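Data block below; observations after.
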Amino acid sequence: AAVFAAAVPTIIGYGLYWWLLRRVGVTALNALLFLVAPAPAAAGTVLFGEPLTIVTVAGFALCAAGVALVLASEARTRPSASPEAGRGGGPGQADAPEDPAVLVRRT
């Protein structure tokens, strides 16, 4: 039971990370990881009645501001063309499947 309880969430989390990496890119995904700390803090307040102090709220605001800055910067620098536009595939040519190493290098 202990191995199952450790292995299944790990495998699901790893798969979710790679899926999100393909969808949002490495910069945005790593910025979103800064929301990991506020999520259990908020859950602890709601579920277990832990105190919500001004320091905790300030930490939430700091995390949110940092993530918002990174996501806004990422949206500004992202090209408006589709991702396939720069691959060199013309009409009638099939696109090659994405390689995670290439995806990370492009972002």
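Cβ-Cβ distance below 9 Å, separation of 6 or more or different chains: which pairs start in the stretch 14-27 with a residue that is within 14 Å of residue 74 (Cα to Cα) and free of Cβ contacts under 8 Å to residues at least 24 places away in the same chain and end on one that is surrounded by 10 or more Cβ atoms within 10 Å (Cβ to Cβ) and not aliphatic (A, V, I, L, M)?
The qualifying pairs are 24/74.
For the structure I just gave you, tell me whether residue 85 is surrounded by fewer than 10 Cβ atoms within 10 Å (Cβ to Cβ) and modelled with pLDDT under 90.
No, not satisfied.
As an exercise: evaluate residue 47 against (1) open to solvent by less than 60 Å² (accessible area, probe 1.4 Å); (2) at pLDDT 95 or above and give the number of the one condition it does not meet.
(1)
Filter the stretch 1-29 down to the residues that are outside any helix (DSSP H, G or I), among the hydrophobic types (A, V, I, L, M, F, W, C) and within 17 Å of the chain's Cα centre (by Cα) and list them by number.
none
The values are calculated or read from the model by the stated rules, or taken from the named source; none is laboratory data. Everything numeric here is computed off the predicted structure, so don't read it as measured data. Cβ: placed from backbone, ideal geometry, glycine included. Neighbour counts: every protein chain shown. Each accessible area value is taken on the protein alone, full model and side chains, heavy atoms only, with ligands, DNA and RNA left out. Shrake-Rupley method; radii C 1.70, N 1.55, O 1.52, S 1.80 Å.
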